[in-house]
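Here the structure is laid out as structure tokens; the discussion comes afterwards.
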Amino acid sequence: MTDQSSGWKPADYQNFESIHTEACEDRRAGCYAEALAKRVWYHENAIESPVRLSFALGDWAELSQVYPPALEKLIVIRDTAKEKLFNGNDREESFHEFASINQCLGDERLTAEMFLWLEIQDADLTRKCYPSAESALIRAGEYQLCGKYMDPHEAFQQRLHIFEHQKRLPDNPLYQKLRTARPDLGPLVEKATKDSFTNSIATIVALLVLNDRKVEAQEIAGRAMTELNDGNLDSTIASALEGIFPPAYEK
């Protein structure tokens, strides 16, 4: 689908990454209709993109703050995902989409409510959907429910895989092109990579502590510190071992 009001449509030679980048640039330049058209096209077509439900949605949320049609369209997509959940269509992917959009919009209460409903309906699907709901459940204070569904060792391996992938980002040609235009990008990306790993591991550790699984918490903390020697990680993990979540959950 293309936003016809913008007059934009993708060129045959364009790839997903270039359209994602252009959407960001259009938003910064104030070309909001074009940015929205590209966001919608990217969301509906770049299904396998690792940033479709993360960075891309984050940029869409920023666009929605200055361009009401962007917010309206994002809510429509969120509500469509909700209907798919109720109707039994692509339920795991639909929940992931529903939760990701709620997180960007600051509506995680809706995700927690949906997860509680889903637990009654389908226990197996609930377990599969837990990673997408974890943030919302923490904000709702459902720590024991998190403890019921979390697999800390699998979660650690997933976070570590993401961390290692992000560390290789400087080798990406698109990243190198962006860095030429923005020399400050390197330090920003490096900090974001470390912060993401730190916050995700500290979340696992804090949940384990709050579920009286302190031995596992200490094991995960130790493994994280062997992967990253960083003062912020050390202090954040120390707080997590006291059952305190990373600062991101204070917002």
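The values are calculated or read from the model by the stated rules, or taken from the named source; none is laboratory data. Quick caveat: nothing in here was measured; it's all calculated off a predicted structure. Using ideal geometry, Cβ is built from the backbone for each residue, glycine included, and neighbour counts are taken over all protein chains shown.
Within region 53-66, the set of residues being crowded, with 19+ Cβ neighbours inside 10 Å and of a type outside the set (Asp, Glu) comprises Leu53, Ala56, Leu57, Trp60, Leu63, Ser64.
Filter region 184-237 for residues that are outside any helix (DSSP H, G or I) and loosely packed, with under 15 Cβ neighbours inside 10 Å; which is modelled with the lowest pLDDT? The residue in question is Asp184. Residues of region 108-128 that are crowded, with 16+ Cβ neighbours inside 10 Å and within 25 Å of Leu71 (Cβ to Cβ): Glu108, Leu110, Thr111, Ala112, Met114, Phe115.
Return yes when Glu164 is outside the structural domain of Tyr42 (by TED's automatic domain parsing) and without any contact (Cβ under 8 Å) to a residue 12 or more places away in the chain and no when it is not. Taking the combined requirement at face value, the residue satisfies it. Looking for something touching a Cys at 6+ places or on another chain (Cβ under 6 Å) and assigned by TED's automatic domain parsing to the domain that holds Phe115 - is there at least one such residue anywhere in region 3-19? Checking region 3-19: not a single residue is touching a Cys at 6+ places or on another chain (Cβ under 6 Å) and assigned by TED's automatic domain parsing to the domain that holds Phe115. The numbered conditions (1) farther than 29 Å from Glu62 by Cβ; (2) outside the structural domain of Met225 (by TED's automatic domain parsing) are all true for Ala112 except (1).
Based on this model, can you work out whether Leu74 counts as more than 22 Å from Ala248 (Cα to Cα), touching a residue at least 24 places away in the same chain (Cβ under 8 Å) and surrounded by 21 or more Cβ atoms within 10 Å (Cβ to Cβ)? Criteria met by Leu74. Checking each residue in region 238-247 for being outside any loop (DSSP other than H, G, I, E, B) and surrounded by fewer than 14 Cβ atoms within 10 Å (Cβ to Cβ) picks out Ala238, Pro247. Number of residues in region 11-57 that are out of contact with any helix residue (DSSP H, G or I) (no Cβ under 6 Å at 6 or more places or on another chain) and at pLDDT below 90 equals 13. For Asn89, only one of the following conditions fails: (1) closer than 22 Å to Ile138 by Cβ; (2) assigned to a loop (DSSP other than H, G, I, E, B). What is its number? Here Asn89 clears every test but (1). Scanning region 119-133 turns up no residue that is part of a helix (DSSP H, G or I) and closer than 28 Å to Arg28 by Cβ. With the condition kept exactly as written, say whether any residue in region 64-82 is hydrophobic (A, V, I, L, M, F, W, C) and under 14 Å from the mean Cα position of the chain (by Cα). Checked region 64-82: no residue is hydrophobic (A, V, I, L, M, F, W, C) and under 14 Å from the mean Cα position of the chain (by Cα).
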